[in-house]
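J.: After the structure tokens below, expect a handful of questions from me.
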Amino acid sequence: LIVISVILIFLWIRIDKKMRPAAEKACLYECESLTSRIVSESVSDALEIMSGLELTLSSATYDKNGSITGIHANADAVNTVQTILLEQMNTALNEKRGAEFFIHLGTLTGMHTMAGRGAEIPLRYIPKGSADITLQSNFTSAGINQTIHTLSAEITVSAGCSVPLYQAESTQT
């Protein structure tokens, strides 16, 4: 009985050592894939909401002669954009919290011939905290009396996926 137990423990350790990197890589891939879809859909939803609003992101100041003396970003409009993005992102992350999707057992083995084969093992999606959004407003010269105003968002999301006995965590920007 002791010999059988030792053999089983030894086999379990060898199997775990072989499967862990492949399982973590598969979890990480699925986690990053789902997070990317959530971010993409959330940004699309936020842009749809913002298209119905009349937001003036920048405005020019003029002198007495009507010449432009300066261009500045409208902080209220920029904050509105950030708030809408943040609300959409966090709502989508909360809706997907605990979502299950499946990966084949053969994929977890790390053997290419077994990929996509075998029983389906459930993965659980776990967003960690909330999304972090940093907006940057930039003005660039585009020629004589021409300026381009760009507003870019850097979105950072931390999430993890877990499969029985294994888990992976990812932070995507």
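J.: Out of Phe139, Phe101, which single residue is in contact (Cβ under 8 Å) with a residue 12 or more places away in the chain, open to solvent by 60 Å² or more (accessible area, probe 1.4 Å) and aromatic (Phe, Trp, Tyr)?
T.: Unique residue meeting the criteria: Phe139.
J.: Still on this structure, I have one more. Return the residues of the range 88-139 that are charged (D, E, K, R) and more than 14 Å from Thr156 (Cα to Cα); say none if nothing qualifies.
T.: Within the range 88-139, Glu95, Lys96, Arg97, Glu100, Arg117, Glu120, Arg124 qualify.
J.: Using the structure shown, decide if Glu95 is of a type in the set (Asp, Glu) and either in a loop (DSSP other than H, G, I, E, B) or touching a Gly at 6+ places or on another chain (Cβ under 8 Å) (or both).
T.: no
J.: Okay, next question. List the pairs whose first member sits in the range 44-67 and is among the aliphatic types (A, V, I, L, M), whose second member is open to solvent by less than 60 Å² (accessible area, probe 1.4 Å) and part of a loop (DSSP other than H, G, I, E, B), and whose Cβ atoms are under 8 Å apart, counting only residues at least 6 apart or on separate chains?
T.: Listed by first residue and then by second, the contacts come to Leu55/Asn74; Leu57/Asn74.
J.: Is the range 33-52 home to any residue that is open to solvent by 80 Å² or more (accessible area, probe 1.4 Å), closer than 30 Å to Gly116 by Cα and touching a strand residue (DSSP E or B) at 6+ places or on another chain (Cβ under 8 Å)?
T.: For the range 33-52, residues open to solvent by 80 Å² or more (accessible area, probe 1.4 Å), closer than 30 Å to Gly116 by Cα and touching a strand residue (DSSP E or B) at 6+ places or on another chain (Cβ under 8 Å): absent.
J.: Exactly one of these conditions fails for Gly118: (1) under 27 Å from Ala77 (Cα atoms); (2) touching a helix residue (DSSP H, G or I) at 6+ places or on another chain (Cβ under 6 Å); (3) outside any strand (DSSP E or B). Give me its number.
T.: With (1) under 27 Å from Ala77 (Cα atoms); (2) touching a helix residue (DSSP H, G or I) at 6+ places or on another chain (Cβ under 6 Å); (3) outside any strand (DSSP E or B) applied to Gly118, the lone miss is (1).
J.: If you scan the range 9-63, which residues turn out to be of a type in the set (Gly, Ala, Ser), over 22 Å from Gln136 (Cβ atoms) and under 19 Å from the mean Cα position of the chain (by Cα)?
T.: Those that are of a type in the set (Gly, Ala, Ser), over 22 Å from Gln136 (Cβ atoms) and under 19 Å from the mean Cα position of the chain (by Cα): Ala26, Ser33.
J.: Cβ-Cβ distance below 7 Å, separation of 6 or more or different chains: which pairs start in the range 152-173 with a residue that is farther than 13 Å from Ser130 by Cβ and modelled with pLDDT under 85 and end on one that is in a strand (DSSP E or B) and among the acidic types (Asp, Glu)?
T.: Gly160/Glu169; Thr173/Glu154
J.: Would you call Thr109 farther than 19 Å from Ser170 by Cα, open to solvent by 50 Å² or more (accessible area, probe 1.4 Å) and not small (Gly, Ala, Ser)?
T.: no
J.: Then there's this: Considering each of Gly110, Gly98 in turn, give the residue that is modelled with pLDDT under 75 and closer than 22 Å to Lys25 by Cα.
T.: Sole residue among the options that is modelled with pLDDT under 75 and closer than 22 Å to Lys25 by Cα: Gly110.
J.: Also: Ala115: open to solvent by less than 60 Å² (accessible area, probe 1.4 Å) and free of Cβ contacts under 8 Å to residues at least 24 places away in the same chain, yes or no?
T.: Against the criterion (open to solvent by less than 60 Å² (accessible area, probe 1.4 Å) and free of Cβ contacts under 8 Å to residues at least 24 places away in the same chain), Ala115 qualifies.
J.: Find the residue count for the range 53-74, including only residues that are exposed (fewer than 13 other Cβ atoms within 10 Å of the Cβ) and either under 14 Å from Ser152 (Cα atoms) or β-branched (Val, Ile, Thr) (or both).
T.: Number of matching residues: 5.
The values are calculated or read from the model by the stated rules, or taken from the named source; none is laboratory data. Remember, predicted model here, so these are calculated numbers, not experimental data. Positions of Cβ are backbone-derived with ideal geometry, glycine not excepted, and every protein chain shown enters the neighbour counts. These area figures cover heavy atoms from the full protein model, side chains too; ligands, DNA and RNA do not enter into them. Shrake-Rupley method; radii C 1.70, N 1.55, O 1.52, S 1.80 Å.
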